[in-house]
Amino acid sequence: MTDDDRDTMPLPEIVDLPRPGEEAARRSADVSGGLSLPGRRRRTTVRSVDGRQIVCEGLVRIYKVADLEVVALQGLDLVVGTGEMVAIVGASGSGKSTLLNILGGLDTPSAGRAVVAGHDLGQMGRSERTRYRRRVVGMIWQQTARNLLPYLTAQENVELPMALDGRRGRADRARRLLELVGLGPRSDHRPERLSGGEQQRVAIAVSLANEPEVLFADEPTGELDTTTSTEVFGLLRRVNEELGTTIVIVTHDALVSEQVQRTVAIRDGRTSTETVRRTEFSDGEHRVISEEFAVLDRAGRLQLPKSHVAALGLKDRVRLRLEDDHVGIWPDRDTSASPAPPSRREPGDAPDGSSR
């Protein structure tokens, strides 16, 4: 099938979310410094009015193992803006891999809603899901065998997704993508003749072949040394900045927060904290400041950091008090008494709530 035939085919199975006002035009993918990518078709997607690229609301995923049900996601909420570069971190079993599989179109949610680039993942059929994986998202896996075919050269590996999608001009675009990741001179090498870092660079080029709007990376540096990992993250930042591609990195390494704009921590199938990095200019120099926040979900729930719970000996139930600009939380020391109802301290009251 030619590009012309494919472009004129109706695509009823991909349903965009309605948005009031004009459509959000896709950011130009011309790479600065003369590395403009050829053959890019201008595409627009109807997105939410506030520029959200990924929206998860009350996401639930339940697996059945023998006679047991395992709840991997328990009402997870997540929002990623268009053009953001975000890391999702969590311990093994926290639910981050399940979330990646759902967002990547490899799995379906049991309940809740997941929307990526205007596509409601819970409403897709098999053909719609295949088209979504082929054109809307790109994937980078930790294992090289999942990214590259060993019997193809770097050039051929990058061309393969475009060939499956019936694109023309594949060779020229593949060469330019390999130049973008710094492997132009090694385009005729097979994976066995490339280092681990070079293989991941080719994997990034493969993931960008069909111009995805969102790029998902599962432990992309898990098998690389520190120096090579830094280089790969630098390349991902360049892709994010120059192509405007939204990037979500799933990892167990909390130190990745230094490489991204925002880090979302998942614990027990829910988002628990977010770490936001920002740059401040003071005294004639730039400083990078990281600040951690607890995440309040739509139901008003939040997860206290384990260190806070342990330090105060919080267990079972806690006392709350609404103050002028914060909420106080402390343990219920008297287990025989009912917890005191929330109260707001009025002007003139002592810190303990009594009247002065």
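Does Gly196 satisfy the condition of being touching a Cys at 6+ places or on another chain (Cβ under 8 Å), assigned by TED's automatic domain parsing to the domain that holds Thr98 and in contact (Cβ under 8 Å) with a residue 24 or more places away in the chain?
Criteria not met by Gly196.
Residues in the range 304-315 that are at pLDDT 80 or above and assigned to a loop (DSSP other than H, G, I, E, B): how many?
Of the residues in the range 304-315, 3 are at pLDDT 80 or above and assigned to a loop (DSSP other than H, G, I, E, B).
Rundown of residues vs (1) over 29 Å from Gln259 (Cβ atoms); (2) at pLDDT 90 or above; (3) in the same structural domain as Tyr132 (by TED's automatic domain parsing), yes/no style:
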site	(1), (2), (3)
Val46	yes, no, yes
Asp50	no, no, yes
Arg61	no, yes, yes
Glu69	yes, no, yes
Gln74	no, no, yes
Met85	no, yes, yes
Gly95	no, no, yes
Thr98	no, yes, yes
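For the range 153-174, name all the residues that are surrounded by fewer than 18 Cβ atoms within 10 Å (Cβ to Cβ) and more than 26 Å from the chain's Cα centre (by Cα).
Correct list: Ala163, Gly166, Arg168, Gly169, Ala171, Asp172.
Quick one: which residue in Phe216, Phe233 is among the aromatic types (Phe, Trp, Tyr), assigned by TED's automatic domain parsing to the domain that holds Met139 and without any contact (Cβ under 8 Å) to a residue 60 or more places away in the chain?
Going through Phe216, Phe233 in turn, the sole match is Phe233.
Hey, can you tell me all the residues within the range 175-191 that are in contact with a Pro (Cβ under 7 Å, 6 or more places away or on another chain) and either exposed (fewer than 14 other Cβ atoms within 10 Å of the Cβ) or closer than 20 Å to Leu243 by Cβ (or both)?
Answer for the range 175-191, where residues must be in contact with a Pro (Cβ under 7 Å, 6 or more places away or on another chain) and either exposed (fewer than 14 other Cβ atoms within 10 Å of the Cβ) or closer than 20 Å to Leu243 by Cβ (or both): just Arg176.
For the structure I just gave you, tell me whether Arg146 is without any contact (Cβ under 8 Å) to a residue 24 or more places away in the chain and assigned to a helix (DSSP H, G or I).
For Arg146, the condition - without any contact (Cβ under 8 Å) to a residue 24 or more places away in the chain and assigned to a helix (DSSP H, G or I) - is met.
Going through the range 294-317 one residue at a time, which ones are touching a residue at least 40 places away in the same chain (Cβ under 8 Å) and exposed (fewer than 10 other Cβ atoms within 10 Å of the Cβ)?
Answer for the range 294-317, where residues must be touching a residue at least 40 places away in the same chain (Cβ under 8 Å) and exposed (fewer than 10 other Cβ atoms within 10 Å of the Cβ): Arg298, Ala299.
When you check Glu242 against the structure, is it at pLDDT 85 or above and not in a strand (DSSP E or B), yes or no?
yes
So Ala203 ticks every box in (1) among the hydrophobic types (A, V, I, L, M, F, W, C); (2) at pLDDT below 85; (3) farther than 23 Å from Val115 by Cβ but one. Which box is left unticked?
So Ala203 meets the others, but not (2).
Of everything in the range 108-123, what is farther than 17 Å from Thr246 by Cβ and surrounded by 19 or more Cβ atoms within 10 Å (Cβ to Cβ)? Give them in sequence order.
Once the filter is applied, which keeps residues that are farther than 17 Å from Thr246 by Cβ and surrounded by 19 or more Cβ atoms within 10 Å (Cβ to Cβ), the range 108-123 yields only Pro109.
The values are calculated or read from the model by the stated rules, or taken from the named source; none is laboratory data. Bear in mind that the values here come from a model prediction, so they are computed numbers and not experimental data. Here Cβ is always computed from backbone atoms with ideal geometry, including for glycine, and neighbour counts include all displayed protein chains.
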